[in-house]
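J.: Have a look at this one before I ask anything.
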Amino acid sequence: MALPTVVCGRNGRMANLLAGAVRDTTDLALAGRLCLRDPAAPPADGVFTSLAALPAAPAVVVDFTHRAGTVRLLRAAEDTPCALVVGTSGLTGTDQALLRRVARRRPVLQAANFSAVMALLRRFVGELAQTLDDRWDAAVVDVHHARKVDAPSATASALARAWGATRAAPPISSLRFGDAVSEHRLLAGGAGEQIELAHRVNERSAFVPGVLAAVRFAGRAAPGLYSLEDALCG
Ligand SMILES: NC(=O)c1ccc[n+]([C@@H]2O[C@H](COP(=O)([O-])OP(=O)(O)OC[C@H]3O[C@@H](n4cnc5c(N)ncnc54)[C@H](OP(=O)(O)O)[C@@H]3O)[C@@H](O)[C@H]2O)c1
């Protein structure tokens, strides 16, 4: 049976893309859209304003919205059994504590970047940092569209952590302009040579395969907090 999947957001770019991808995927079924922006909005066909309003508890809820919506979803998930796949950025420390609390009772997969290639890049950066000699240091550059609310991006912080796991954490420079989806660079310099690793997302569709893998994984996982790597390797 196809896995009943709910996508948060009614008009968002990721929300629309993911709802379409779920609808087009035979082992997943779009059980509705969850509009958490305005809980008082009149419900429309296939659109619900709360988890409790859904005719049946969904297996998985996918959330790429805004921290206000994510917090509302996390609170609702304390009472309604479902797995969560969370990609929303800009969560505060308090929000993350709530997410960890929910993950004690529900499967929750959270990733700063659902590109499978970025997951590979992070692993490679960790191996580089472990292998290069002490003369090498690094910096991370984080480029996003002007509307992005948080800086540095969680992806930039994750790249910096991958390098910094075995040596000094690199500084991060964030640039916000134009409408580019995202670009992350790790620049590293040693004695007379440099490395530059760049990952650029031109279209949000780059995140879709990772999100669908996360939905399938979360739908069968035990309660706990998971990363994209768990879904890609599990
Ligand atoms: N982790 C990743 O790999 C990844 C990749 C891409 C994007 N993201 C993140 O995903 C999020 C959405 O990105 P996007 O490009 O789709 O943005 P977007 O097109 O601006 O859409 C924003 C979404 O947030 C919802 N929203 C806005 N304010 C809200 C509120 N106060 N309460 C509840 N919901 C609210 C909107 O709901 P309505 O549709 O109902 O208006 C809409 O669905 C951002 O946080 C972005 O950084 C993460």
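J.: Counting only residues that are within 16 Å of the ligand (Cβ to nearest atom) and either open to solvent by 50 Å² or more (accessible area, probe 1.4 Å) or not β-branched (Val, Ile, Thr) (or both), how many does region 197-216 have? Give the steps one after another, and end with the answer.
T.: First, the residues of region 197-216 that are within 16 Å of the ligand (Cβ to nearest atom): 199-215.
Now restrict to residues that are either open to solvent by 50 Å² or more (accessible area, probe 1.4 Å) or not β-branched (Val, Ile, Thr) (or both): 199-200, 202-207, 209-210, 212-214.
Looking only at that region, the number is 13.
J.: With respect to VAL86, determine if the residue is at pLDDT 95 or above and either open to solvent by 40 Å² or more (accessible area, probe 1.4 Å) or assigned by TED's automatic domain parsing to the domain that holds MET14 (or both).
T.: yes
J.: Something else: Tally up the residues in region 172-184 that are within 14 Å of the ligand (Cβ to nearest atom), out of contact with any helix residue (DSSP H, G or I) (no Cβ under 8 Å at 6 or more places or on another chain) and part of a strand (DSSP E or B), please.
T.: So the count comes out to 2.
J.: Take the residues in region 17-59 that are in contact with a Gly (Cβ under 8 Å, 6 or more places away or on another chain) and surrounded by fewer than 19 Cβ atoms within 10 Å (Cβ to Cβ), then tell me which one is farthest from ALA76 (Cα to Cα).
T.: The selected residue is GLY46.
J.: Consider only pairs whose beta carbons are under 6 Å apart and that are at least six residues apart or on different chains; among these, list those whose first residue lies in region 89-105 and is among the hydroxyl-bearing types (Ser, Thr, Tyr) and whose second residue is part of a helix (DSSP H, G or I) and open to solvent by less than 60 Å² (accessible area, probe 1.4 Å).
T.: Sorted first by the residue in region 89-105, then by its partner, the pairs are SER89/ALA154.
J.: Can you spot a residue in region 46-66 that is closer than 20 Å to ALA19 by Cβ, more than 10 Å from the ligand (Cβ to nearest atom) and in contact with a Phe, Trp or Tyr (Cβ under 8 Å, 6 or more places away or on another chain)?
T.: For region 46-66, residues closer than 20 Å to ALA19 by Cβ, more than 10 Å from the ligand (Cβ to nearest atom) and in contact with a Phe, Trp or Tyr (Cβ under 8 Å, 6 or more places away or on another chain): present.
J.: For region 185-196, which positions are open to solvent by 30 Å² or more (accessible area, probe 1.4 Å), farther than 17 Å from ALA112 by Cβ and either assigned to a loop (DSSP other than H, G, I, E, B) or touching a residue at least 40 places away in the same chain (Cβ under 8 Å) (or both)?
T.: Passing the criteria: LEU187, ALA191, GLY192, GLU193, ILE195.
J.: Right, here's the next one. Going through region 129-166 one residue at a time, which ones are closer than 18 Å to GLY87 by Cβ and part of a loop (DSSP other than H, G, I, E, B)?
T.: Passing the criteria: HIS145, ARG147, LYS148, VAL149, ASP150, ALA151, PRO152, SER153.
J.: Looking at region 124-176, which of its residues are open to solvent by 70 Å² or more (accessible area, probe 1.4 Å) and either in contact (Cβ under 8 Å) with a residue 40 or more places away in the chain or in the same structural domain as THR92 (by TED's automatic domain parsing) (or both)?
T.: The answer is PHE124, ARG135, ASP137, VAL149, THR166.
J.: Hey, among the residues in region 158-171 that are modelled with pLDDT of 95 or more and under 30 Å from LEU18 (Cα atoms), which one's nearest to the ligand (Cβ to nearest atom)?
T.: Step by step, filter region 158-171, then rank; the result is LEU159.
J.: Suppose we filter region 21-56 for residues that are within 26 Å of ASP179 (Cα to Cα) and out of contact with any strand residue (DSSP E or B) (no Cβ under 9 Å at 6 or more places or on another chain); how many remain?
T.: Of the residues in that region, 1 qualify.
J.: If the requirement is being hydroxyl-bearing (Ser, Thr, Tyr) and surrounded by fewer than 19 Cβ atoms within 10 Å (Cβ to Cβ), which of these qualifies: SER227, SER182?
T.: That would be SER227, the only listed residue that is hydroxyl-bearing (Ser, Thr, Tyr) and surrounded by fewer than 19 Cβ atoms within 10 Å (Cβ to Cβ).
J.: Something else about it: Of all the strands (runs of 3 or more DSSP E) wholly in region 17-128, which have at least 3 residues that are of a type in the set (A, V, I, L, M, F, W, C)?
T.: 28-34, 60-63, 83-86
The values are calculated or read from the model by the stated rules, or taken from the named source; none is laboratory data. Keep in mind the model is a prediction, meaning the values are calculated, not measured. Methodologically, a virtual Cβ is constructed for each residue, glycine included, from the backbone with ideal geometry; neighbour enumeration extends over all protein chains shown. The area values use the complete protein model at the heavy-atom level, side chains included, leaving out ligands, DNA and RNA. Shrake-Rupley method; radii C 1.70, N 1.55, O 1.52, S 1.80 Å.
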